[in-house]
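Q: Structure in structure tokens, see below.
The values are calculated or read from the model by the stated rules, or taken from the named source; none is laboratory data. These numbers were taken from a predicted model, which means no experiment stands behind them. So basically every Cβ, Gly included, is an ideal-geometry build from the backbone, and we count neighbours across all protein chains shown.
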Amino acid sequence: MDFDDMIISCHRLLINDPDKRNQLMNRYDYYLIDEFQDTNIIQAEIFYMLSSRTNNICVVGDDDQSIYGFRGADNLIFQNFQTTYTSSQVIYLNKNYRSLPFVIKGASQLISKNENRIQKEFLTHRFGKGKILISEEASLFNETNNVIKSIKELRDNGVPLNNIGVLYRVNRLASGLITLLEKEGIPYYTAKLPKDIHSGLVFGDIESYYRLSSGHGTKNDLLRIINRPSRYLKKDKLYNSGLGKKEILNALIKGEKEQYRIKGIIDKIDQLFKDLSKLKQLKPADFLDYLNFQMYYLEALDETSYFLNKEENTWRNEFFILREEAEMYESFEEWFVAIIRDKEKRKIEIADNKEKGVYLSTFHGAKGLQWEKVFIIAANERITQVSHPNQTLESLSA
């Protein structure tokens, strides 16, 4: 039984067992519920049932901070509280004791665009000046590099690294950032490591091309890359073939009757083996350049992103970060060993960096924390506000 099951079971008990409901209703005279903006409808009905004997219920929250909609929270429950309890009194705790005026002003201007909210005016307790800078970049890779550059400048100007935070919508957006931080030797801390960029699609393709080019490929390697970049070959024909050029050709040509189709298959497999022969001679960075400029691998990534409904440039960014990392190694063997070594080293170092490193966090994980300097990356449509099938722009911005 998980937490959701516990809530549902409690609700069902109160509905179906009047004696138990009355027993629980008579246990407490007063109810105080914090973070009420993150309440879902079943939780709200539990609160309302339990407090119905006395109607002594106090809720605390801020509908502007409702961030758990993906878990079923509905901030309309908060907004409709006065309709449910018509004699309730509202007390506005609208003075911010944490942030400087420019932060409060910027946040107020942004959140005021949301029409589905309780209108309120924020006041500040602190004094001081600062700026909110908005930078538009061509890609997440460019943005990440500029964040690294800015962090280094702040560090050189005396800002402690543990006074710098980098925030993002979901953990995977930090993969490239972590790779570049480690390359620059900048300590960082995060409560939850994102999926390692070396376990992603792009690095998996690179590994497969490397193994095939070095003569150590497997059937899975061939199936993985045969249409990335697109060669318009029927992958299912290769499940029972060998890895030799002749075996691959025989499998793909089998059943084909049109000569132009047969010739096209032969030309594509000839080119694949020429590419593999060339790749075999290259160092990691040159290897990735060949994939990019000679084999049009990035265009294939764009096609894959489109068909899988991934955010634009998701895998391009991974490729560029790996390309930069590849510069550090003379051979793939050296690169692979470093990846394994750094993975274990990373876990130990992150624990030690909590008090001295740049803090990396999702928006949800940063709640209640503060830093002197904060970067927000990938603040784009469909990323910061994650899009889902059948959602309109209007429903996303509400």
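Q: More than 24 Å from the chain's Cα centre (by Cα) and either closer than 20 Å to residue 217 by Cα or assigned by TED's automatic domain parsing to the domain that holds residue 143 (or both): is that true of residue 358 in this structure?
A: Spelling it out, it is not the case that residue 358 is more than 24 Å from the chain's Cα centre (by Cα) and either closer than 20 Å to residue 217 by Cα or assigned by TED's automatic domain parsing to the domain that holds residue 143 (or both).
Q: Within segment 83-113, which residues are over 27 Å from residue 371 (Cα atoms), surrounded by 10 or more Cβ atoms within 10 Å (Cβ to Cβ) and either touching a Gly at 6+ places or on another chain (Cβ under 8 Å) or free of Cβ contacts under 8 Å to residues at least 12 places away in the same chain (or both)?
A: Within segment 83-113, just 88 meets the criteria.
Q: Here's another thing I want to ask about it. Out of 129, 113, which single residue is touching a Leu at 6+ places or on another chain (Cβ under 8 Å), assigned to a loop (DSSP other than H, G, I, E, B) and either assigned by TED's automatic domain parsing to the domain that holds residue 354 or over 22 Å from residue 34 (Cα atoms) (or both)?
A: The unique qualifying residue is 129.
Q: What are the residue pairs meeting all of these: first residue in segment 116-140, first residue aromatic (Phe, Trp, Tyr), second residue assigned to a loop (DSSP other than H, G, I, E, B) and surrounded by 10 or more Cβ atoms within 10 Å (Cβ to Cβ), Cβ atoms under 9 Å, and 6 or more apart or on different chains?
A: What qualifies is 122/94; 127/100.
Q: Among the residues of segment 114-141, which ones are modelled with pLDDT of 90 or more, loosely packed, with under 15 Cβ neighbours inside 10 Å and closer than 17 Å to residue 62 by Cβ?
A: Matches in segment 114-141: 123, 125.
Q: Being free of Cβ contacts under 8 Å to residues at least 60 places away in the same chain, of a type in the set (D, E, K, R) and closer than 22 Å to residue 140 by Cβ narrows it down to one residue among 344, 303, 327, 311; which is it?
A: Being free of Cβ contacts under 8 Å to residues at least 60 places away in the same chain, of a type in the set (D, E, K, R) and closer than 22 Å to residue 140 by Cβ holds for just one of 344, 303, 327, 311, which is 327.
Q: What are the residue pairs meeting all of these: first residue in segment 202-230, first residue buried (at least 21 other Cβ atoms within 10 Å of the Cβ), second residue hydroxyl-bearing (Ser, Thr, Tyr) and not in a loop (DSSP other than H, G, I, E, B), Cβ atoms under 6 Å, and 6 or more apart or on different chains?
A: 225/208; 225/209
Q: Can you tell me which condition residue 166 does not meet? The list is (1) in a strand (DSSP E or B); (2) at pLDDT below 95, and all the others hold.
A: Only one criterion in (1) in a strand (DSSP E or B); (2) at pLDDT below 95 is unmet by residue 166, namely (2).
Q: If you don't mind, another one. Within segment 1-37, track down each residue that is outside any helix (DSSP H, G or I), loosely packed, with under 11 Cβ neighbours inside 10 Å and under 29 Å from the mean Cα position of the chain (by Cα).
A: Across segment 1-37, the qualifying residues are 1, 2, 34.
Q: For residues in segment 288-333 being assigned to a loop (DSSP other than H, G, I, E, B) and acidic (Asp, Glu), which is modelled with the lowest pLDDT?
A: 312
Q: State all residues of segment 47-102 that are aliphatic (A, V, I, L, M), in contact with a Ser or Thr (Cβ under 6 Å, 6 or more places away or on another chain) and part of a strand (DSSP E or B); if no residue qualifies, say none.
A: Residue satisfying the conditions is 57 alone.
Q: Could you tell me which residue of segment 52-82 is surrounded by the fewest Cβ atoms within 10 Å (Cβ to Cβ), considering only residues that are under 25 Å from residue 15 (Cβ atoms) and of a type in the set (Phe, Trp, Tyr)?
A: Once the filter is applied, the top-ranked residue is 68.
Q: Further question on the same structure: Which residues, counting only those in segment 328-348, are surrounded by 13 or more Cβ atoms within 10 Å (Cβ to Cβ) and either hydroxyl-bearing (Ser, Thr, Tyr) or touching a strand residue (DSSP E or B) at 6+ places or on another chain (Cβ under 6 Å) (or both)?
A: Scanning segment 328-348 gives a single hit, 329.
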